[in-house]
Each structure stands twice: as C-alpha cells, then as structure tokens.
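These notes concern the structure reproduced below.
The values are calculated or read from the model by the stated rules, or taken from the named source; none is laboratory data. Bear in mind that the values here come from a model prediction, so they are computed numbers and not experimental data. With ideal geometry, Cβ positions are generated from the backbone for all residues, glycine too; neighbour counts draw on all protein chains shown.
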C-alpha cells in the first residue's frame, strides 16, 4: 500500500510541475453529491447499500481542448448496511478523505461532455457501527486505493462559471479490513454530484 501511495504522490508532483510549464486554462471547482456505498467480499452476505454524501473541491488543468488533468479533495461517506458485528446485525459508516487523480476527455460538439478516469487514494477519518455505537476504526486499514470513473456534462452559467452534473463510480482494489484472514473487503461506490467550476 505504501508503494501505491508513493506512486500516486510522485505522479501528483510531476503533474503539478507540468502545470507550471504548460500554457492552458486552469479551473477550480466545488461539488456536493449523494453516495451509494457498499463493499464486495466473498465471505460477506450482508452488504446492503448505504446512503451518504460527498463534498469537496477540485482543480482541473487543460492541456488541449479535449484533454485535461483533474484532481479533487473530497470528504467521502462510505460503508455498508446490514452487516455483522459479532452476532449483531449493524450498519458500518466509514468516512474518508479521498484524492482522485483523473485524466479528463472532453467530447461533443461544444466539448461540454466529459469522461474522467484514473486512480484514487482515500484516508480513513472515522469508522463506526450502529448497533452498539462502537468506534471500529482500529479494525480497518487507514489507507484505501482503487479506480475512479465518471461521466458528466457542464452548462455555462456566466462568462467563467459552469454548472456541472456528474455520475461517478469508485472500485477499491485494496483490502480495507486490517489483519483480515478471510476474503478481502473492498469499497465500492456510486455517486451523483453537482457543482460549479470557475
């Protein structure tokens, strides 16, 4: 996991260095959205979707009319409902700080449609279960990583301001359970987001 995190940070550093040497437009954004989260694991049968939200900020740098690089800093609510905690059925709430590193392809006649894809890394802020109100953060790894994919459209609302709607999905590739002896538990997330870029 440290190698993945190191690779992501090095990539972010190179992209930041490239920004300072590349002429183009840079947009800043804010967003908020609804999360539908669950986990995938071979030995877990109770993994219903859990509702939550996300909110964050973004920076997007255009290298051409069709391509840009975008990174976000998001507060992400994940977890799953109808899980087990000992012999009890409970809901798990996992709160993360998520950083996606995304390549954006802009398409359509006016280039207002976009498709983004790339890796993400998440840092666990808090973890709890609802049946007993227990803090379960010690049972989870503090870093999660995976792949992020999204599609959306922007609508100009002012000279330099655009409103956007985005459908987004994340698929974890790392085990979020600490010292897990069974099948690995991986985060899965679908979200719908709205926001502004300027």
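Cβ-Cβ under 6 Å, sequence separation 6+ or interchain: first residue in region 157-173 and under 15 Å from residue 55 (Cβ atoms), partner surrounded by 14 or more Cβ atoms within 10 Å (Cβ to Cβ). Which pairs?
164/152; 164/154; 164/195; 166/150; 166/152; 166/193; 168/150; 168/191
Please tell me if residue 81 is buried (at least 16 other Cβ atoms within 10 Å of the Cβ) and more than 13 Å from the chain's Cα centre (by Cα).
Working: buried (at least 16 other Cβ atoms within 10 Å of the Cβ): yes; more than 13 Å from the chain's Cα centre (by Cα): yes.
Criteria met by residue 81.
Looking at residue 8, is it part of a helix (DSSP H, G or I), more than 13 Å from the chain's Cα centre (by Cα) and either modelled with pLDDT under 95 or more than 25 Å from residue 174 (Cβ to Cβ) (or both)?
On the way: part of a helix (DSSP H, G or I): yes; more than 13 Å from the chain's Cα centre (by Cα): yes; either modelled with pLDDT under 95 or more than 25 Å from residue 174 (Cβ to Cβ) (or both): yes.
Against the criterion (part of a helix (DSSP H, G or I), more than 13 Å from the chain's Cα centre (by Cα) and either modelled with pLDDT under 95 or more than 25 Å from residue 174 (Cβ to Cβ) (or both)), residue 8 qualifies.
All but one of (1) under 20 Å from residue 39 (Cβ atoms); (2) exposed (fewer than 14 other Cβ atoms within 10 Å of the Cβ) hold for residue 122; which doesn't?
The failed condition is (2).
Out of 121, 99, report the one residue that is touching a helix residue (DSSP H, G or I) at 6+ places or on another chain (Cβ under 7 Å) and either farther than 18 Å from residue 40 by Cβ or in contact (Cβ under 8 Å) with a residue 60 or more places away in the chain (or both). Before you say what the answer is, go through the steps one by one.
Working: 99 fails: touching a helix residue (DSSP H, G or I) at 6+ places or on another chain (Cβ under 7 Å).
Result of the check over 121, 99: 121.
In region 133-156, how many residues are touching a residue at least 40 places away in the same chain (Cβ under 8 Å), under 17 Å from residue 120 (Cβ atoms) and either loosely packed, with under 15 Cβ neighbours inside 10 Å or in contact with a helix residue (DSSP H, G or I) (Cβ under 7 Å, 6 or more places away or on another chain) (or both)?
2
Restricting to region 178-196, name every residue that is buried (at least 17 other Cβ atoms within 10 Å of the Cβ) and over 16 Å from the mean Cα position of the chain (by Cα). Outline the logic, then answer.
We begin by selecting, within region 178-196, every residue buried (at least 17 other Cβ atoms within 10 Å of the Cβ); these are 185-189, 191, 193, 195.
The answer is 185, and nothing else.
Scan (1) farther than 28 Å from residue 106 by Cβ; (2) modelled with pLDDT of 95 or more for the single condition residue 46 breaks and write down its number.
(2)
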